[in-house]
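The values are calculated or read from the model by the stated rules, or taken from the named source; none is laboratory data. Owing to the predicted nature of the structure, the values given are computational and were not obtained by experimental measurement. Counting neighbours? That spans all protein chains shown, and the Cβs are built from the backbone with ideal geometry, glycine included.
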Amino acid sequence: MKLTVTVITRNEAANIAGALESVQWADEIVVVDSRSTDDTVAIARRFTSRIELHPWEGYSAQRNYAAEVAANDWILALDADERVPPALAAEIQETLRRGPTTSGYRMPRMSYYLGRWIRGTDWYPDYQLRLYDRRVGRFNGKRVHESVALDSGTSGTLQHSLEHYPYRDISDHVTSIDHYTTLAAEEWFAEGRRTNPLEVALHRPAAFLRNYVLRMGFRDGTAGVLISILNSYYVFLKILKLWELQRGLRTLAPASDPQSAVASRRPKFARKPNIDGSAAADTTDEGLPGDERASSLRQSR
């Protein structure tokens, strides 16, 4: 069973090399770029000849377009800030070699934040349905936190984790929260959801307790405390922005360009360990591996 890896990009020069390097074992790699103004496309061409330039239509639409132009029916959808480590790569290859027993597969995703791998809070295991048969699955059209919806059947689960490098630092994290809470609030409002001051007040402490206690963020030390605080802030800000919309204090914006508040912030990767503790390769300022290798390493949201 052949596989196409898809990655959607805009101004991901700092990240794209690591993402594409980690999936050189795939039968095909398709990059769908939305008018990058940096070196994203030039870097991507060093790893694949399948570069599709496509105007931004939203996260789900871009992902679905990437799947539509792929040569193969089985798709692995990745983001530029994710990496497929060798163990997950081997598991995916073996699953396809034996013949899939379902139409899609979820995989746990582990994030690297403030110098450590996070194994608690809402961030882990953070299952993502990214490996799927495009004939029976598509991204669901949500403005934010889009996911694959299968026409029928249930999904399987892979054992090994996808690696995620979501934020450069706390400032980068807060900037992202502002962007994505706007999208989430607008989606809620369009769906007819409404809120009230009591919900605004109560959800933040409840979200903190869920992250730090129930989902054992305390095991992640200082990083776990900060993630729990910022995750609860995310919930608070999302509900507050919904309240703002329903009071008519702000109007719905058009579908947000990924470059508007987030894509340009993408970090360069410093030398960070893999999940198994082994050292990762250095990257140059252009986002390319320091020794110019294009071998399997790790992969891409």
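Here are some notes:
- The single residue among VAL41, VAL32, VAL69 that is over 25 Å from ILE92 (Cβ atoms) and not assigned by TED's automatic domain parsing to the domain that holds LEU183 turns out to be VAL41.
- The set of residues in the stretch 141-167 that are over 11 Å from the mean Cα position of the chain (by Cα) and of a type in the set (Asp, Glu) contains only ASP151.
A quick yes/no check of all residues on (1) surrounded by 23 or more Cβ atoms within 10 Å (Cβ to Cβ); (2) part of a helix (DSSP H, G or I); (3) touching a Ser or Thr at 6+ places or on another chain (Cβ under 9 Å); (4) not polar (S, T, N, Q):
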| site | (1), (2), (3), (4) |
| --- | --- |
| ALA19 | yes, yes, yes, yes |
| TRP25 | no, no, yes, yes |
| ALA80 | yes, no, yes, yes |
| ALA89 | no, yes, yes, yes |
| GLU94 | no, yes, no, yes |
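- ALA42 crowded, with 23+ Cβ neighbours inside 10 Å and assigned to a helix (DSSP H, G or I): no
- Taken together, the residues in the stretch 179-228 that are assigned to a helix (DSSP H, G or I) and of a type in the set (D, E, K, R) amount to 7.
- Scanning the stretch 45-59 for residues that are at pLDDT below 95 and either surrounded by 21 or more Cβ atoms within 10 Å (Cβ to Cβ) or among the small types (Gly, Ala, Ser) (or both) turns up GLY58, TYR59.
- Test for TYR105: is it modelled with pLDDT of 95 or more and more than 19 Å from LEU3 (Cα to Cα): no
- Given (1) surrounded by fewer than 22 Cβ atoms within 10 Å (Cβ to Cβ); (2) in contact with a Lys or Arg (Cβ under 7 Å, 6 or more places away or on another chain); (3) within 26 Å of TYR105 (Cα to Cα); (4) at pLDDT 95 or above, index of the condition GLU68 fails: (2)
- Residue list for the stretch 1-28, filter: polar (S, T, N, Q) and over 18 Å from ALA42 (Cα atoms): THR4
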